[in-house]
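The values are calculated or read from the model by the stated rules, or taken from the named source; none is laboratory data. Treat the numbers as computed from the prediction; the structure is a model and nothing was measured. Positions of Cβ are generated from backbone atoms using ideal geometry, with glycine treated the same way; all protein chains shown enter the neighbour counts. Just the protein is used for accessible areas: all its heavy atoms, side chains included, with ligands, DNA and RNA removed. Shrake-Rupley method; radii C 1.70, N 1.55, O 1.52, S 1.80 Å.
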Amino acid sequence: MRYLAKYLKPYRLQFIIGPAFKLLEAVLELFMPIMMALIIDKGIPAGDTGYILAVGGLMLLTASVGLGSAVICQYSASVASQGFGTAVRNALFKKVLSLSYAQVDKYGVQTLSNRITNDVTQLQTAVAMTIRLVIRAPFICIGSVVATLLIDWKLGLVVVCALPLFAAALFLVMRKSSPMYTKVQEGLDDMSDTLRENLSGVRVIRAFAREDAEKERFAGRNRELLDRTLAVGRVSTLLNPVTNLIMNFSIIAIIWFGGIRVDAGDLSQGQILAFISYVTQMLSVLIVVANLVVLFTRAFASLRRVSEIFALEDDPSEKEAGGPANRIPAPAVEFKDVSFAYPGGGEEALSHISFTLPAGETLGIIGATGAGKSTLAALIGRFYTPTAGQVLVEGRPVEDYGAADLRGRIGLVPQRVELFAGTVADNLRLGAPDAPENLLESAAKTAQAYAFIDRLPEDFNAPVRKGGANFSGGQRQRLAIARALVKQPAVLILDDAASALDYATDAALRQALRRDCKGMTTVIISQRVWAVQNCHQILVLEDGAVAGLGSHAQLMESCPAYREIALSQSDGKEVSHA
């Protein structure tokens, strides 16, 4: 709770005003049965119309003031809960964006999404109910007990005996259902993950005719969530019938013993009706309390899930330490005996990697799928922290950079291109919000994207749908390359960034990069030999280790792994694309 307390502080006034007016409403509500008893015992037997109207008018005024108090409380609860929910969502979203790759991998995108949306909504509702009912419910309950004891303490003992039974039922249900609600939320995460996988991979599913299998898998997740929800529902729904049973037996006892007391002349009819009204008020409040217990039990499960994210320690790879550093004459990128294993992944993804990339030169990285090429690129940007060894950028260990400063020097185009809803210009300016239009145009020309952008009705102001759905795979890749170039980075990393391009466009792209990006250090990751053969150096990875390092000619002579790849792609003849 300590992680969320600060988001409630701006609404301290609402937490005072709301309960105060709700308390006023509860006090006025407790006077209503007394005034009704006065009308029955004094006004009606005497036929005193004036007295009846006077007390009735007072009841109407009391009800009106109570209504106004309830409206003020409701408004305060809405302001506080909505403001709290908005602040927590913003903070949680900011926290999620600061998580390292490893932390995001651990929890999963859909789980984090559910915690920002569903779990925060549960907390938001709990805040509103706290202001509206947490003060009123106990006060009405205690006030009703006190009022019944004041009317007739002997008859009031019936109510006093009923309360421990209700408290016991409340405790047992809460104890049983609290861990079950956590399981329900986890089941919702699992189902959401399955849904997201199916929606994002719908083309693959249809291509392999796996619709029936995926329907069954989703149905299984859905059934599992249903079973968990029904299980906790069976426990939670016991509260209302148990509460009704206890209180209805209490009312039967009150009517039975109250009738005896009326016959004996110890109580009046009005007092009995007032007594029953207080018990009815208490019953309605106890039913609300029962529902509140269910709500707060769910909110408590959500609180643990949200607090778990806030409690995550900042990953060393994401720290903002050291401040901007001046660029010094040094290798642009250097790996010193670097090894890395994914958390929980077992074997090392990279093992004892060492190389030096001078500033302004081009490094090609090639190897089979799973050789560790993308992992190596992620280490340059400190998206992961090496388990051993050291990565340096411009002569400085990446750990000494602030995250924003380091990544401001690097332009990364990942394998999977992500475009965002907005315009083409918005996407190109993602890393440089103030970039002028002429820079966008020149970056687009270098990335071979200008031709199709120019054909769009609104060119750079053309809309981009979510995920770039209105562009082809090759167009998305070229836009991503242009976006990286707009940053004017010191180091450009193209992680298989031209895989969707045809040979002619890929060749034109590489020629444009050599022509327009002189002085820029470039890392090209590819599975095509001809895409890296003109690089100053080529790093060959095999099972996460260095199999060879040198120029194309050197590797053809000295590296069997590289030579095998080259010959397999050229039908036994070495290719020499420009």
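Things worth noting here:
- Within the straight-line cut-off of under 29 Å between alpha carbons, the lysines reachable from LYS42 are LYS154, sequence neighbours fewer than 8 places apart in one chain being disregarded.
- Two-site label geometry, ALA421 and ASP266: point separation in nm, points 7 Å out along Cα→Cβ: 7.0
- ³J(HN,Hα), Karplus 6.51/-1.76/1.60, whole Hz, each residue of region 366-383, x for Gly, Pro: 9, x, 5, 4, x, 6, x, 5, 5, 4, 4, 4, 5, 5, 5, x, 6, 6
- Charge-dipole axis of the chain as Lys and Arg at +1 and Asp and Glu at -1 on Cβ define it, positive-most pick from SER277, GLY47, VAL398: GLY47
- Range of Cα positions in the chain per principal axis (Å), largest first: 116, 46, 45
- On Cα atoms only, tilt of 269-310 relative to the major axis of the chain in degrees: 10
- Gap separating the Cα centres of region 204-276 and region 341-362, nearest whole Å: 59
- For the chain, the longest principal axis of the alpha carbon atoms and the long axis of helix 136-151 meet at an angle near 10°.
- In order through region 391-401: 3J(HN,Hα) via Karplus (6.51 cos²θ - 1.76 cosθ + 1.60), integer Hz, x for Gly, Pro: 10, 10, 10, 6, x, 10, x, 4, 5, 8, 8
- Using just its DSSP H runs of length 4 or more, each adding -39500 (n - 2.57), the chain gives a mean residue ellipticity at 222 nm of -20500 deg cm²/dmol after division by all residues.
- Placing +1 on the Cβ of every Lys and Arg and -1 on the Cβ of every Asp and Glu, with no other charges, gives the chain a dipole of roughly 960 debye about its Cα centre.
- Rough spin-label spacing in nm, given labels placed 7 Å along Cα→Cβ, for VAL71 and LYS94: 3.7
- Sparse-neighbour loop sites [trypsin sites (Lys or Arg not before Pro); region 348-441; at most 11 other C-beta within 10 Å; DSSP]: ARG416
- C-alpha center-to-center spacing [region 376-436, region 1-45] in angstrom: 56
- Rounded to the nearest 20 debye, dipole of region 167-224 from Cβ charges on Lys, Arg, Asp, Glu: 120
- Spin-label pair ILE287/LEU245, simplified geometry with 7 Å Cα→Cβ offset, distance in nm: 1.7
- Axis of helix 239-263 versus longest Cα principal axis of the chain: the two differ by about 10°, to the nearest ten degrees.
- Across the options PHE31, VAL71, TYR11, the greatest Cα extent toward the positive end of the charge dipole of region 1-78 (unit charges at beta carbon of Lys, Arg, Asp, Glu) belongs to TYR11.
- Options ILE481, LEU295, HIS536, ranked by Cα towards positive dipole end of the chain, top entry (Cβ charges): LEU295
- Here the dipole of region 1-85 is about 700 debye; that uses its Cα centre as origin and unit charges on the Cβ of Lys and Arg (positive) and Asp and Glu (negative).
- For a straight C-alpha distance cut-off of 20 angstrom, the aspartates and glutamates reachable from LYS94 (same-chain residues fewer than eight places away being disregarded) are ASP105, ASP119, GLU308, GLU313, ASP314, ASP315, GLU318, GLU320, ASP405, GLU418.
- Taking every protein chain into account, the accessible area of the chain amounts to 49 square angstrom per residue (probe 1.4 Å).
- 12 Å Cα-Cα reach of LYS445 towards aspartates and glutamates, excluding residues that sit fewer than 8 places from it in its own chain: ASP454, ASP516
- Structure note, pairs LYS336/LYS487; LYS95/LYS183; LYS22/LYS183: Cα-Cα distances above 32 angstrom occur for LYS22/LYS183.
- Apportionment of accessible area to carbon and sulfur, the chain, percent (1.4 Å): 60
- Computed Kirkwood radius, in angstrom, where 1/r is averaged over Cα pairs of region 183-232: 11.3
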